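The values are calculated or read from the model by the stated rules, or taken from the named source; none is laboratory data. All values reported here derive from a predicted model rather than from experimental measurement. Glycine gets a Cβ as well: all are built from the backbone with ideal geometry, and neighbour counts include every protein chain shown.
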Amino acid sequence: MKNYKRIITFFMAISIIGMNAVTVYGDESNSLAITENVSDGSLSIEKQPSNVTKPNGENATFIVVAKGDGLKYQWYYNNPNTTNGFVKSSNTTDTYSIKANINSHDKGFQVYCVVSDSFGNSVDSDIATLTVGTPLSIVSQPQNETKQNGDTAIFKVVAKGENLKYQWYYNNPNTTNGFAKSSNTTDTYSIKANINSHNKGFQVYCVVSDSFGNSVDSNIATLTVGTPLSIVSQPQNETKQNGDTAIFKVVAKGEGLKYQWYYNNPNTTNGFVKSSNTTDTYSIKANINSHNKGFQVYCVVSDSFGNSVDSDIATLTVGTPLSIVSQLQNETKQNGDTAIFKVVAKGKGLKYQWYYNNPNTTNGFVKSSNTTDTYSIKANINSHDSKRITPRIIKANSRADNTRP
């Protein structure tokens, strides 16, 4: 009878509970304890693992969020660098972590998770991919710029990394504000050079950041407003004797000046020819044979902005060596007559200075006020009973009789 009652009670419990799982406890006193294990819904994934991009060396974490009863997790991974396909992982939690490696994960790394419950149900998550991002770094720093007044200076930073952002800062040393945040958020910063407001320079730098929260500052670059190109002193004509060296010089102002001389020998039909001389000075030895018709030079001066200016043409003239062609002649004059002494010389730009001596005195030769090629004096029987005249011929400064072409 005891067994019969126990069977009836058990059957009624089954009828009431239906198909739900039960646990039945019984003993010899005919009492039954029934515990119900009821599922509150089907197995589902609430949040899929997301794609992750990480720099080389950082940890990537994939998480799956599921609901159900007695959940279990099994991750699978695939490295596209191999042909193995997806492989079962030892990871059986809701999280999968891996360190990004630019070498082995250069083609990415994939994972997904199989979630199962206590009823034997299972569901696959989406596949999530690890992309190994490029570490943030500046490849090319912004460079210093020198510009003429009114020209535009462009500063550029080149960086590598993931989802880069740029923020420029500027400083005008004419103020005491220090570096201020610019509205410029591109990889390039442009400003027009102003000789008044930028006379002390203008500075910029850029902060570059990536999608991982990393940031790096560029070097500071400076704008200098340069001097416009101009020639301050032109090369001058030169007159030299045969064998002497003529030196032509150009003086210019500007930024990063370069010089290129050109020459022309009128004895040829070549016209002006480019010289190997690239300094501010051009030297040549005067040659009476090859330079008898002269020798011409000019210089092209250029600056770092690409501007250039031509100097005037300067000419070398090879002069006649200084010599006296006709010496002074002694003169005999009657008292009261005028004696004329004359010297004939050849050379370039001749100058004359006469000296005289009256032996009636002890002064010796004295400098005369006469600076021509002729010296005249009236004979005086008393004071000039014996008088000597001597000329000195002085060659003129080499530029004294030159005119510019």
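Checked against (1) closer than 23 Å to N242 by Cα; (2) modelled with pLDDT of 95 or more; (3) surrounded by 15 or more Cβ atoms within 10 Å (Cβ to Cβ), F272 meets all criteria but (3). Just name the residue that is nearest to N264 (Cα to Cα) out of those in the range 363-405 that are at pLDDT below 60 and among the small types (G, A, S). So, considering only residues that are at pLDDT below 60 and among the small types (G, A, S), the one nearest to N264 (Cα to Cα) is S398.
For the range 232-257, the set of residues classified as under 33 Å from the mean Cα position of the chain (by Cα) and either in a loop (DSSP other than H, G, I, E, B) or not basic (K, R) (or both) consists of V232, S233, Q234, V250, V251, A252, G254, E255, G256, L257, listed by residue number. The set of residues from the range 116-149 being under 19 Å from the mean Cα position of the chain (by Cα) and either surrounded by 16 or more Cβ atoms within 10 Å (Cβ to Cβ) or over 17 Å from N219 (Cβ atoms) (or both) comprises I138, Q141, P142, E145, T146, K147, Q148, N149. Of all residues in the range 86-110, those being assigned to a loop (DSSP other than H, G, I, E, B) and at pLDDT 95 or above number 7. For the residues G41, G70, G57, the requirement of being surrounded by fewer than 14 Cβ atoms within 10 Å (Cβ to Cβ), at pLDDT 95 or above, in a loop (DSSP other than H, G, I, E, B) and at positive phi singles out G70. Which of the residues that make up the range 328-342 are free of Cβ contacts under 8 Å to residues at least 60 places away in the same chain, surrounded by 11 or more Cβ atoms within 10 Å (Cβ to Cβ) and either touching a His at 6+ places or on another chain (Cβ under 8 Å) or not charged (D, E, K, R) (or both)? Those that are free of Cβ contacts under 8 Å to residues at least 60 places away in the same chain, surrounded by 11 or more Cβ atoms within 10 Å (Cβ to Cβ) and either touching a His at 6+ places or on another chain (Cβ under 8 Å) or not charged (D, E, K, R) (or both): N335, A339, I340, F341.
Taking each residue of the range 175-202 that is surrounded by 14 or more Cβ atoms within 10 Å (Cβ to Cβ) and looking for partners that are assigned to a loop (DSSP other than H, G, I, E, B) and aliphatic (A, V, I, L, M) with beta-carbon atoms closer than 6 Å, six or more apart or interchain, yields D187/V157.
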